[in-house]
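K.L.:
This structure is in structure tokens; I'll ask about it shortly.
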Amino acid sequence: MQELTPYAFRVVSFTFPAGEASKTLNTVQKLYEFLIQENFDRNDVLIALGGGVVGDLTGYAAATYLRGIRFVQVPTTLLAMVDSSIGGKTGVDFKAYKNMVGAFYMPQFVYMNISLLGTLPMREYCSGFGEILKHGLIRDAESYSWLIENRDLLLQRDRSAVTEMVYRSLLVKKAVVERDPKEKGERALLNFGHTLGHAVEKLKEFRLLHGECVAIGMVAAVQLSWKKGMLTEFQTKEILSCIQSFQLPISASGLKTEDILLTVSRDKKKDADKIKFILLDGIGNAVIDTSVTEQELADACEFIL
Ligand code: GLY
């Protein structure tokens, strides 16, 4: 706040408890009440300083308060830097549904300070690799190989390697989002690992981090891609071992296949009753597939349990 004081007439702060449980309309309502009490008008700016929950929720409040005020993303986690702060997806969870209420609403800019990553707990830091590996796997085979080559430096959080990694990852996300900002087509590729990942996240009651659930979802999607002849067995095994080597889980023991299937089928209501699955047709080449059967999905679940 001190840093901002010379540039603003007044700086005030609103905080809420960390975690997915806060990503609700109830918190948005509290934020609206705070903004009204502090006389926020259309000349004012919201700054989302935090991880993905803070960014998504602040962006949604900015999109809707007074029909839209400016906001800036200042992501403080690796996952928020490479994914959620970029591309204008804002929103909150509603009842059992993740990101059910929201808006596409772009920040004025995104400010990232890589040195913030130095203080992140290791597990939180590694969660970011879930989305970073995803970007390589779906669209950038060269960066995927680069990640593997530089794994030790990246796990040690070497400043220049981390900067390069974030930059490469952002290039993938930027290119996809610029071509398809409202997810009419290609942007759905960014949901690689998310169909089952979201189900695991929900069923584990958010005790696993988002990137960890994406990793588990990617394992299932990779297995499905192999079963459909789109990846070789060697590639499949190599991807699994790569995910593990970045300290991410490859299974979600304790869950039941039928619960995962039920949760996925509830989620599919969001998308005209079709399960849209993202598969890999080779490393760096994700495709949208709507032909995955219930049985194939069940087999993929067995693989991660
Ligand atoms: N996180 C997926 C997207 O931004 O579309």
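K.L.:
Over 18 Å between C-alpha atoms is what I'm after, so list which of Lys202/Lys227; Lys98/Lys204; Lys95/Lys204; Lys173/Lys202 land there. Walk me through the numbers before you get to the answer.
P.N.:
Details: Lys202/Lys227 26 Å; Lys98/Lys204 13 Å; Lys95/Lys204 16 Å; Lys173/Lys202 25 Å.
Over 18 Å apart, Cα to Cα: Lys202/Lys227; Lys173/Lys202.
K.L.:
For the pair Ile288 and Arg151, how long in nm is the line joining their label points, each one 7 Å along Cα→Cβ?
P.N.:
Simple spin-label model gives 3.3 nm for this pair.
K.L.:
Compute a Gaussian network model of the chain, connecting alpha carbons closer than 10 Å, and tell me which residue from Phe14, Phe192, Phe129 fluctuates the most.
P.N.:
Sorting by GNM fluctuation, first place goes to Phe14.
K.L.:
Each residue of the range 157-174 in turn: what ³J(HN,Hα) in whole Hz from Karplus with 6.51, -1.76, 1.60 and θ = phi - 60°, glycine and Pro shown as x?
P.N.:
6, 4, 4, 6, 5, 5, 4, 4, 4, 5, 4, 4, 5, 5, 4, 5, 4, 4
K.L.:
Another question about this same structure. Rg to Rh for the range 153-277: what is it, with Cα atoms only and Rh by Kirkwood? Please list the in-between numbers first.
P.N.:
Details: Rg = 15.9 Å, Rh = 16.1 Å.
My calculation puts Rg/Rh at 0.99.
K.L.:
On to the next question. Over the range 56-146, what per residue volume does the convex hull of the Cα atoms give, in whole Å³?
P.N.:
Numbers: hull volume 11.3 nm³, N = 91.
Spread over its residues, the Cα hull of the range 56-146 gives 125 Å³ apiece.
K.L.:
Hey, any idea what % of the range 1-94's accessible area is carbon plus sulfur with a 1.4 Å probe?
P.N.:
Numbers: 2640 of 4790 Å².
For the range 1-94, the apolar C and S fraction of the accessible surface comes to 55 percent.
K.L.:
If you average the alpha carbon positions of the range 26-44 and of the range 88-164, how far apart do those two centres end up, in angstrom?
P.N.:
When both Cα centres are located, 29 Å separates them.
K.L.:
Averaged across orientations, what area in nm² does the convex hull of the alpha carbons in the range 35-186 project? Each step should come with its number before you reach the end.
P.N.:
Numbers: hull surface 40.8 nm².
Its average projected convex-hull area is 10.2 nm².
K.L.:
Given only helices, namely DSSP H runs of n ≥ 4 each adding -39500 (n - 2.57), what is the per-residue ellipticity at 222 nm of the chain, to the nearest 500 deg cm²/dmol?
P.N.:
Working: 11 runs with 142 residues, N = 305.
Computed ellipticity for the chain at 222 nm equals -14500 deg cm²/dmol.
K.L.:
Whenever you get a sec, line up Tyr167, Tyr7, Tyr65 from highest to lowest accessible area (probe 1.4 Å, protein heavy atoms). Please list the in-between numbers first.
P.N.:
Values: Tyr167 140, Tyr7 190, Tyr65 20 Å².
Accessible-area ranking of Tyr167, Tyr7, Tyr65, largest first: Tyr7, Tyr167, Tyr65.
K.L.:
If you wrap a convex hull around the Cα atoms of the chain, how much volume per residue is inside, in Å³?
P.N.:
Details: hull volume 38.3 nm³, N = 305.
Hull volume over Cα atoms, normalised by residue count, gives 126 Å³.
K.L.:
Within the range 11-140, what percent of beta bridges assigned by DSSP are antiparallel, to the nearest 5? Each step should come with its number before you reach the end.
P.N.:
Numbers: 5 of 12 bridges.
Percentage antiparallel, nearest 5: 40.
K.L.:
Residues of the chain: accessible area per residue at 1.4 Å, in Å²? Walk me through the intermediate numbers first.
P.N.:
On the way: 14600 Å² over 305 residues.
Dividing the accessible area of the chain by its residue count gives 48 Å².
K.L.:
Which percent, nearest 5, of DSSP beta bridges in the chain are antiparallel? Each step should come with its number before you reach the end.
P.N.:
Values: 9 of 16 bridges.
If we restrict to bridges inside the chain, about 55 percent are antiparallel.
K.L.:
I'd like the accessible area for Glu149, computed on protein heavy atoms only with a 1.4 Å probe and all protein chains in place. Round to 10 Å², please.
P.N.:
Only protein atoms counted, so the area is about 140 Å².
K.L.:
Let me ask another. Ignoring ligands, DNA and RNA, what percent of the accessible area of the range 219-305 is carbon or sulfur (1.4 Å)? The partial results should precede the final answer.
P.N.:
Details: 2090 of 4230 Å².
The value for the range 219-305 is 49 percent carbon and sulfur by accessible area.
K.L.:
Over all distinct alpha-carbon pairs, what is the Kirkwood Rh of the range 96-196 in angstrom?
P.N.:
On the way: mean 1/r = 0.0662 Å⁻¹.
For the range 96-196, the Kirkwood estimate is 15.1 Å.
K.L.:
Which whole-number percent gives the relative contact order of the chain, counting Cα pairs below 8 Å spaced six or more residues apart? It would help to have the intermediate numbers written out before the result.
P.N.:
Working: 484 pairs, mean separation 43.5, N = 305.
14 percent.
The values are calculated or read from the model by the stated rules, or taken from the named source; none is laboratory data. These figures come from a predicted structure and were not determined experimentally. Ideal geometry is used to build each Cβ from the backbone, glycine not excepted, and the neighbour counts take in all protein chains shown. Just so you know, the surface numbers come from the protein's heavy atoms only, side chains and all, with ligands and any DNA or RNA stripped out. Shrake-Rupley method; radii C 1.70, N 1.55, O 1.52, S 1.80 Å.
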